[in-house]
Structures are given as structure tokens and as C-alpha cells.
Amino acid sequence: MVVMTGKSAAVDSLTFEAALLELEGIVRDLETGKSALEESIGAYERGVALKTHCEKKLREAQAKIEKITVGADGKIGTAPFDPQE
Amino acid sequence: MTTETPTPRSNIPELSVSELSNAMKRTLEDSFGRVRVRGELAGLKIAASGHLYADLKDADSNLNVICWRGTVSKLKIRPEDGMDVVCTGKITTYPKSSRYQMIIDTMELAGQGALLKMLEDRKIRLAAEGLFDENRKKPIPFLPQIIGVVTSPTGAVIRDILHRLQDRFPRHVIVWPVNVQGEGAADQITAAIKGFSAMTHNRPDVIIVARGGGSLEDLMAFNEESVVRAVAECPIPVISAVGHETDTTLIDYAADLRAPTPTAAAEMAVPVRRDLMAQLMDDARRLYTTTQRSLTLHKQRLDTYQARLGDPRRILELKTQNLDHLTHRLSGSFEKGVTRRTARIAELSAMLRHPRQIMQEAKRTLTIWDNRLTDIKPRLLQQPEQKLTRAAALLEALSFHKVLERGFAVIRDETGTPLTSAASTKNNQDIVIQFHDGQKKAQVK
């Protein structure tokens, strides 16, 4: 259980790709039905956490367009960018 | 001011060296004005001041050329020794050392063949350095958070990229506006790539360097060594998308991924969000159903084993029933046993008689037999008498006397022993002949 908690905590730090990859692995493992019941319950919980994490990552998909501005002092900043301008 | 027509020696005005030199300078500058000269660059060097000095030469002649610092950076090409170039500029003199020279304004490669050869040579040289090696290529992140785009802020390219990103997977995009051709383009592009790499906040996960199609000359900035090196050394994965599919610039070799068009670069930079959503939903469904199935399976197996294990209450009930049955049989059999034994005792008691009774019975039996014996006694003599009479009668009937009456006789010796054969007689033996009515003595002859 302690191990599970530790693993679950790490879900948030996973990239979308890594989370999706792990989720697919878990699904495949569960589908082959090789894992013990306790393990499969843990794997299911982890799978759900990964799925939620991935969904969150996908929902975060917001377009934000900026452009680089270089100030007179050479300092780099950003400003909203409208490609139609 | 002006040279005078030849005059007698004595009439020749005396000029200082500077006067002559200045006069010649003016003459040359006025006569030639702007010129366009083709030749091969040689002895090229850039002084500490930033000015470029070189010779432009052909088979027979040599022309000193100078390109001031401010102009060098604006040149479309980076001059190199051996380049076949066409230079535009003006002719002037260098009075200090009695030389004439050309001040260059623009420099371009002489003909496309020369340009292509220059690019090919540069490509070979950079490749030899390992800038294009496959093992230098970094993988493009599957889903970048921030995408840096180095391109012109105006025009179709940036719009195409942003549109395609919006269609596939909206992301945080930072555009680094640059001139993509002409004056200073290469320096700006180099600076942008290095600038993105140097960012500490909102640093892109992938960089797209893009430009629309154009002539070979238009795309030259993306062939510049400084740009190619910046791309090769960029710690952030770079996707190059310069020109159309058929256009290849040197940064395409140095980039981690080459996209045929800016739109394609956007496609390579992000996956399709919709597809990922669908995949994720499918994974979640599979996760759920497979776990559900696993649980059902385990439950079924548990049920099976539970059924085989049996319910302890049932077992107890069964045992109780068995016990009841046995108890019932036990009590029944006990009574039955008692009854049987009672019967047996009665039976045996009936068989058990008193000696007196036995004696009485014996006496009675004795009396019976005694009576019968007494009854038999008179018949005991009567019977033999009757038998005797009958026997006597039979005997009488069978007696030889009767035979004698019929003429037969019995012959006996003196002792009375019957002689039954002739052989048993002897001569002169006395014999007795018995007849039925007496006997007579006789002698054998």
C-alpha cells in the first residue's frame, strides 16, 4: 500500500506520453490476466489515476500564442501575438 | 583642379604627391563610378576593425577589394576564398600606397552553378565535422508543452502553422519574429535559435524553424553556416521546414527532423488531440471491462470453491439428521432388544421344567410301557403255539413218510444213518429198509 501511494504520487509528474504508455501497459497486462488479484486491483487503481492524469493533460490543451520582443536593453520579453496583424 | 594639356617641360606645373594622388582619385572615381566585376575571391581576411580585405582575380589580373564592416553583415553571402563572385561597388584609390581598389556594396555568387557548388562544398565540410550525424538527432517530444517558432511574423507560414496546431492540439506557441531573407536574416535566425535555447522561463520543448518557398537565393539564410551550426548545437529538438518539399537547405540536414512544409512541421510537432482522447477512452474502457471481468472470474471461482467447500450449517444439519436417525434407531433397537429378550426368556422359561414334573412324566411313560408289556405277555405264548401248530402241520405235510406211502423207502445203515448212494454201501453190509408201515432188515449183495 505504501508502495502504491508512492507510485500514485508520481503520476502527476509523468508526461502525457509516459502516462499513456504506462496505461497501455497496464491494460495489456490486465487483459492477459497474468497478474494476481491484489496486483490487478492495484494496477487498476493506478490505471485510473493515469487515465485521469492524461485526461487532465488533454483538457489543458489551450492555445496561447506569444511573440518574443527584444527591448532596447536587449532584454527578451513576450507579448501576445496575432498572426493576422 | 584639372590637368593641363601637355606643355613644354618648363611649363609643367609642379604638383605635390598628394595633389596628384587626389587628382587621380577624382579621375578614377568620376570615370568609372559604380562597376560590376566578376572574379574569384582570394587572400580574404577580416581585419580587427571588422573590414573585409580581399583580392578579386582572374587568370591575368588582380583587383584589391574592400568591404566595410557595416556592409559585410549585409552581404547576401559569406565571402570565402575561391568563391566565384560578382561584386558591385565603386573604384577608388588608396593614395597611401599608390593603389587603386574597389569598395564593395554587394556581393553575390556568380551564377547558380557556382552557388550550388558552394553549398555542396559547405555541406561536405559541415558533414565532415559531424554536424549532420544521425546520432546527434534528438527525438521530438510526443506532446510538447511549448512550441517555439522561428519565422516571419507576417505571411502564410506562421498562419498555416498556428492553424494546423489549433486543429490538432492547441498549444502554447512562442513566435520569435525574424527576417527570413535579405539583410541580416541569417544573424536573426541564429540569434532566435540561440535565444530560445537560452530561455530559462517558458523554454520551448521543440522549435520549428520555418519559411515558405522561394528561390535558391531567397532561401540562402537557411544555408548560412552560422544558422546551420546554431540548429546543430541547439539543445532543444529542432524541426526544419524551409521552402517547399523539393527545396533542401543545409539546416534540413542539421535539424533533428525535416518537415517538407511548415504545415507538416506543425503535424510533426503535436499529435491529434481527438485521437488521443479516443485512445484514452478506449484504454479506460478496456481497463474497466478487463478488471470487471477479472473480478467476475475470481468471484465465480470463489463461488465454485465455496460450493465445493460446502456450507458448515448444511454439514451440521446433515450430521444432526444422521444423529437423529441413529438416536431413533438406537432407542427403537433397545426396546426391540428388550422385547426380543423377554420373549426369549418366556420361551426358555417354558422349556425349563421342574424335576418333579419330569419324574411324573417318566412315571407316566413307565406306566404306559409297563401296561403295554403286560398286554403283550399273553400274546407272547399264544403266537409261538400257533406257529408251532402250523409248523407241525407243515412238517407233517412235508414228512418223507408221506413219500414212503407212495412206494419209496429209506435205506439206512445199522446206525440209522441214511445211505443215499450205491457207492456208500458195501457188500454184505447190513442195512435197514424203512417202509411207511415199518422196517425190515436186509443185506447188500
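The values are calculated or read from the model by the stated rules, or taken from the named source; none is laboratory data. Note that the structure is predicted; figures quoted are calculated from it, not measured. Note that we place each Cβ from the backbone using ideal geometry, even for glycine, and neighbour counts take in every protein chain shown.
Only one of B:228, B:180, B:175 is under 21 Å from residue B:154 (Cα atoms) and either among the charged types (D, E, K, R) or under 47 Å from the mean Cα position of the chain (by Cα) (or both). Can you tell me which?
On inspection, the qualifying residue turns out to be B:175.
What number of residues within the range B:164-181 satisfy the criterion of being at the interface with another protein chain (Cβ under 9 Å from one of its Cβ atoms) and in contact (Cβ under 8 Å) with a residue 40 or more places away in the chain?
So the answer is 4.
Would you confirm whether or not the range B:254-264 contains a residue that is in the same structural domain as residue B:223 (by TED's automatic domain parsing) and touching a Phe, Trp or Tyr at 6+ places or on another chain (Cβ under 9 Å)?
Yes - at least one qualifying residue is present in the range B:254-264.
For every residue, the table says whether it meets (1) part of a loop (DSSP other than H, G, I, E, B); (2) within 19 Å of residue A:38 (Cβ to Cβ); (3) not hydrophobic (A, V, I, L, M, F, W, C).
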site	(1), (2), (3)
B:266	no, no, no
B:277	no, no, no
B:283	no, no, yes
B:287	no, yes, no
B:291	no, yes, yes
B:295	no, yes, no
B:301	no, yes, yes
B:308	no, no, yes
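Select from the range A:27-85 the residues that are polar (S, T, N, Q) and at the interface with another protein chain (Cβ under 7 Å from one of its Cβ atoms) and write down the one among them that is surrounded by the most Cβ atoms within 10 Å (Cβ to Cβ).
A:40
Is it the case that residue B:159 is free of Cβ contacts under 8 Å to residues at least 40 places away in the same chain and closer than 22 Å to residue B:212 by Cβ?
The answer is yes for residue B:159.
Yes/no per residue for (1) surrounded by 12 or more Cβ atoms within 10 Å (Cβ to Cβ); (2) within 25 Å of residue B:189 (Cα to Cα):
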| site | (1), (2) |
| --- | --- |
| B:18 | no, no |
| B:21 | yes, no |
| B:38 | yes, no |
| B:43 | yes, no |
| B:50 | yes, yes |
| B:54 | yes, no |
| B:70 | no, yes |
| B:84 | yes, no |
| B:112 | no, yes |
